[in-house]
Amino acid sequence: MRLLEELPHGVLAWSREFPGKVETSSNLAQVSTGPEAVTIGTSTRSFVRRAVEAVQAEIRRLGEAAGAAIEARDGYPGWQPDPGSRLLAVTRDVYTRRFGAPPEVQVIHAGLECGVIAARLPGLEAVSFGPRIEGAHTPEERVSIPSVAAAWRLLLGVLGALARAA
């Protein structure tokens, strides 16, 4: 029980570069009991890979101090937002031309496929956009059909602009 109380949980650091946005967090994701053991799963996220590693090291230290066997698994790697990205500028321009207004660009604190891809291709510029999803990760998850078409139009426009610039 003491280990559960001591594990890092919640917002651990706020972004200095993106005020009001979480940079690093960790949460108790799962606890399951069996006849031989209790299994505790945590989920740690950050824009900054070193921050994830530091939180995982703290979790390992706490677990070992409690006599637990520790296993770290890969999650979504951090993906540092780059407001000066050429790809972001192209995406903004295409969006504005296609939809008649500038996009609302946001930094979010979530695991995204862009982080997985960018971790394998250092220096890769990435943006993430897609259709509007409501109730994500719940049985009520649904997608706005018109927003799927809009995301598709944006993707085609961005690819076209990049091809013309190449």
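A short reminder: the numbers here are calculations on the coordinates, not readings from a lab. Treat the numbers as computed from the prediction; the structure is a model and nothing was measured. Virtual Cβ from ideal backbone geometry, glycine too; neighbours counted across all protein chains shown.
This structure gives Cα extents along the principal axes in Å, computed directly, and of [x] 41, 37, 28; [y] 57, 40, 32; [z] 59, 35, 28 that value is listed as [z]. Just checking the listed ones, Glu17, Glu141, Glu71: in the Gaussian network model of the chain with Cα springs under 10 Å, the one fluctuating most is Glu141.
Working ranking of peptides 118-128, 88-98, 28-38 by packing, defined as the average number of other Cβ atoms within 10 Å per residue, highest first, is 88-98, 118-128, 28-38. Estimated from helices alone, the mean residue ellipticity of the chain at 222 nm is -12500 deg cm²/dmol (sum of -39500 (n - 2.57) over DSSP H runs with n ≥ 4, per residue). According to a simple spin-label model (label point 7 Å from Cα along Cα-to-Cβ), what is the distance in nm between Phe18 and Ala151? Reported label-point gap for Ala151 and Phe18 is 1.8 nm.
Helices in the chain that qualify as membrane-span-like (whole DSSP H runs, Cα extent of at least 30 Å along the helix axis, mean Kyte-Doolittle hydropathy of -1.0 or higher) are 145-165. Considering only Ala149, Thr138, Ser15, and ranking their Cα positions along the charge dipole of the chain that arises from unit charges at the beta-carbon of Lys, Arg, Asp and Glu, the one farthest toward the positive end is Ala149. A Förster radius of 35 Å combined with the Cβ-Cβ distance from Ala101 to Thr33 puts the calculated FRET efficiency at roughly 0.10. Placing +1 on the Cβ of every Lys and Arg and -1 on the Cβ of every Asp and Glu, with nothing else charged, gives the chain a dipole about its Cα centre of roughly 740 debye.
Computed from point charges on the beta carbon alone (+1 for Lys and Arg, -1 for Asp and Glu), the dipole magnitude for region 86-165 about its Cα centre is near 400 Debye. Remark: relative contact order (the chain) = 16 percent; criterion is Cα-Cα distance under 8 angstrom and separation of 6 or more residues.
Take each peptide in 41-49, 157-165, count the other Cβ atoms within 10 Å of every residue, and average; sorted highest first, the result is 41-49, 157-165.
I need the calculated FRET efficiency for the pair Leu4 and Arg86, taking r as the beta carbon distance and R₀ as 45 Å, to the nearest 0.05. For Leu4 and Arg86, the calculated efficiency is 0.50. Between Ser144 and Ala65, the FRET efficiency from the beta-carbon distance, with R0 = 35 Å, is close to 0.15.
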